[in-house]
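Only the coordinates and a few stated rules stand behind these numbers; no lab work does. Quick caveat: nothing in here was measured; it's all calculated off a predicted structure. Using ideal geometry, Cβ is built from the backbone for each residue, glycine included, and neighbour counts are taken over all protein chains shown.
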Amino acid sequence: MTARIAVDAMGGDHAPREIVAGALMAAEGLGVEVLLVGRRADVEREMERVPDAPGVRIVDASDVIEMEESPTDAVRAKPNASVNVGFRLVKEGEADALVTAGNTGAAMAAAMLTIGRVRGISRPALATMFPATHNRRSLLLDVGANSESRPVHLVQFAHMGSGYMRRMFDIERPRVGLLSIGEEDSKGNDLVVEVNSQLRHSKLNFIGNVEGKDLTRGVADVVVMDGFTGNVAVKTAEGVAELMFSELRTAVELTPWNKAAGFVLMSELRKVRQRMDYVEYGGAQLLGVEGLTVIAHGRSNARAVFSAIRAARDAVNNGVMETMREVAREVPVRRGLPGIVGRRD
């Protein structure tokens, strides 16, 4: 069955041009059906060179939520905004997933108001793949869906992340780590200490606390954190990667010898950059809502949009939504028993 991916054509710094270009690439190269959601005239203008692209159709949405708008207010005030229309397509079964590079807060608000949470999940979490040494990778969550969290939320994030890695990468017992300021169970703030204790008594393959330096070492398949910490961590890593490659380019251009060495190493350097570039990962998945959602980087170009659609397709084909529902039936729900925390709210 061909995956049907709704794409918010109006979301992102380079919309609709780069969004439409990426969607056309995906329709041609990924074997998906793409529903471009946005102002019809604007989308058609970008499709002039391929007006009858197979596997692509336009779904008209008259409004756009801008980056500077208050997310929840704008979502409520603009029911025909592209992100709202996209989520309605998912809710009504006309699309299997939504991809947006627009206002992250608006995407989350629209998801909660339109498709809602998976029953049993207290809070959704943004989850993103993070590159590590020796071609390993870890799933980090939450990286921005919640600025504040309680222990029950982080424990549920751990369950969702573990289920995701089992389904997507066929890892039988994913190693789960908790981001903290030290490896000892007693290290961290009250939230981290409490979550550590709960995860120690869970059925998950919990390896304990991990530090920031461990993120690039791939010591865990899943690393759990609150959304504030996670967002700072991934954006810091993104900035460091940009700095590293900028400095490397400068160094290569200093002398003819450096240029010669850079030429010899170019293919390997490209592979390294590819592994570290958000363009190749496509975006973060919003786990815990009743519909597959990929939130791409606001600066996404056509290649990043292509990658985001690929991530959505893979999640559809691997049954990630069914896994999240299975996880929700097993996650901890109340206090008093080993591994069981909080309440569903």
Apply the Debye scattering formula to segment 117-174, with a single equal point scatterer on each alpha-carbon and no solvent, then give log10 I(q)/I(0) at q = 0.12, 0.18, 0.27 Å⁻¹.
-0.30, -0.65, -1.18
Using the 10 angstrom Cβ neighbour count as an exposure proxy, how do Lys259, Lys91 rank, fewest first?
Lys259, Lys91
Please work out how much length the chain gains when fully extended from Arg119 to Asn189, using 0.36 nm per residue of separation minus the C-alpha to C-alpha distance, in nm with one decimal.
22.3 nm
Mean Cβ-within-10 Å packing, highest first, puts peptides 235-245, 110-120 in the order 110-120, 235-245
Directionally averaged projected area (convex hull, Cα atoms, segment 125-277), nm²
9.7
Among the lysines, select those whose C-alpha is under 28 Å from the C-alpha of Lys203, and discard any that sit fewer than 8 residues away in the same chain.
Lys187, Lys213
Kirkwood-type radius of the chain, with distances r between different C-alpha atoms, in Å
20.8
Out of all DSSP beta bridges with both ends in the chain, state the antiparallel percent to the nearest 5.
30
Quick one: of the DSSP bridges fully inside segment 125-277, what percent are antiparallel, nearest 5?
30
Gain on full stretching of the segment that runs from Glu322 to Ser197 - 0.36 nm per residue minus C-alpha separation:
42.2 nm
Starting from the Cα of Lys259, draw a straight line to each of the lysines and keep only those under 24 Å, dropping any in the same chain fewer than 8 residues away.
Lys271
What do you get for GluC sites (Glu not before Pro) in segment 18-68 restricted to DSSP loop and a cutoff of at most 10 other Cβ within 10 Å of the site's Cβ?
Glu48, Glu68
Using just the helices of the chain, give the 222 nm mean residue ellipticity in deg cm²/dmol: DSSP H runs with n ≥ 4 each add -39,500 (n - 2.57), and the total is spread over all residues, rounded to 500.
-14500 deg cm²/dmol
Please tell me the relative contact order of the chain in percent, rounded to the nearest whole number, where contacts are Cα pairs under 8 Å and at least six residues apart.
22
For segment 1-144, compute the orientation-averaged projected area of the C-alpha convex hull (one quarter of its surface), in nm².
10.3
For Lys78, which lysines qualify as cross-link partners when the Cα separation must be under 24 Å and same-chain residues fewer than eight apart are set aside?
Lys91
State the three equivalent ellipsoid semi-axes of segment 137-202, derived from the C-alpha gyration tensor as the square roots of 5 times its eigenvalues, in descending order and whole Å.
21, 14, 11
Run the numbers on segment 125-277 and let me know its relative contact order in percent, using alpha-carbon pairs under 8 Å that are six or more apart.
29
